[in-house]
1. Which members of the range 356-385 meet the condition of being modelled with pLDDT of 70 or more, touching a strand residue (DSSP E or B) at 6+ places or on another chain (Cβ under 6 Å) and not in a strand (DSSP E or B)?
2. Which members of the range 402-431 meet the condition of being touching a helix residue (DSSP H, G or I) at 6+ places or on another chain (Cβ under 8 Å) and under 15 Å from residue 527 (Cβ atoms)?
3. With a cut-off of at least 1 residues that are surrounded by fewer than 16 Cβ atoms within 10 Å (Cβ to Cβ) and over 17 Å from the mean Cα position of the chain (by Cα), name the helices (runs of 4 or more DSSP H) lying wholly within the range 198-252.
4. Would you be able to say whether some residue in the range 143-155 is out of contact with any strand residue (DSSP E or B) (no Cβ under 6 Å at 6 or more places or on another chain) and either assigned to a loop (DSSP other than H, G, I, E, B) or modelled with pLDDT of 90 or more (or both)?
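The values are calculated or read from the model by the stated rules, or taken from the named source; none is laboratory data. Keep in mind that what you see is a predicted model, and the values were worked out from it rather than measured. Neighbour counts are summed over all protein chains in view; Cβ atoms, including those assigned to glycine, are modelled from backbone coordinates with ideal geometry.
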């Protein structure tokens, strides 16, 4: 780097600050700073190569300031003796030294923000709290020799850092935005409770497939290490960061880049366009055939019942291509079995989405009685048929009694109160004839299995399975190009969580008139 580059890059603002303090106004400061800069640049351009650039530069500054002061105060610019300005120069030199000291202190404080915790605590204790080596030894329970060694090492690190032109990364001013999805039980609120702020999200983004030290994370995000250490510790406890050898950290789950999502979406679009009508037709044929085998439509429309079955068939096609237990395979420290995936925002799709999902939580874990269904998370879409997502747990038995033909007239007072609650919330409806019906597709006893046995035996379903297999293999190949190698044990989970068929199928059914979309939810009751 040339002397001119050093001067313009590191000293211009300091010199203007000095001139402003000496002259008292911006106009005179700009004039004086311009005169000084001209002298310095001319000298450097003529080949001046000072051994001590800082000393030489401030000598030039003092000289030009003396001439400016003499001109202002004595009106004899051509007969100036610098010694005559000794009193003025003394105050100037104090200001210069004060300024340099303040800059050094700022650099020291800056570097302390990026020194690791064990070194930092000793530096702060020694230089800011003025503790002796023996006092530091007693406070931290460290041998005196170790304190001396760490002080020596930390001073070296501090000095090296002060000579560095540190630059914060892009994420310090332009944080990334990520969408998250999860599966499984989450008793402590993790993982979502850990990613509600920009800072932890962008720590995870920076460490995604990029092993990083706390210092590197601090520089990228522009956050001092004491605060970064705490954030990293919390993310590691939440199992979202993994600590590696050498003090580096790596994001412990897959964050899908938008490029990966775009490839998966295009693949899904092709499959959806080719097969949405086949799945819909298969659902309608299954519904007609299995009503005689115990499947009840209840109080929902035929279209809602067919839509539920169509989603169920699509889900079965996906799940048969994935290992059993893919979505709940994890054993978490908080007692849950949740999995987690992140997706960069900004992915695009040439087909519109209808965000249907079957993530409605059951209020009672019972394999023989459950309320299942699909919901679109868009309040503008149709009329919401139920006040809550699922019935209260105590109401599930009432629904089972109704599904099995039990006469509500014989209910106890408590059971009648629960029935009133189900009617109020929309899970049951009363017909004009006074009959009470469940507002869902109903599978009693082995009706659900008969339904699956029926459609899985059809040649149409088997052809769909073959095409789904090819779709899944292509999806695996796409994700393999973007995924993190050490997450290979969870690879199938990230494949399953990356698929985009259901929202595309829903919109294609609606746009093609196969499903009117009159309800935001369509449900099934299993008993």
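1. Of everything in the range 356-385, those that are modelled with pLDDT of 70 or more, touching a strand residue (DSSP E or B) at 6+ places or on another chain (Cβ under 6 Å) and not in a strand (DSSP E or B) turn out to be 358, 385.
2. Residues of the range 402-431 that are touching a helix residue (DSSP H, G or I) at 6+ places or on another chain (Cβ under 8 Å), as a first pass: 402, 408, 411, 415-416, 418-419, 421-422, 427-430.
Passing the criteria: 402, 422, 427, 428.
3. Numbers: elements: 198-206, 214-221, 225-237.
Output list reads 225-237.
4. The answer is yes; a qualifying residue exists.
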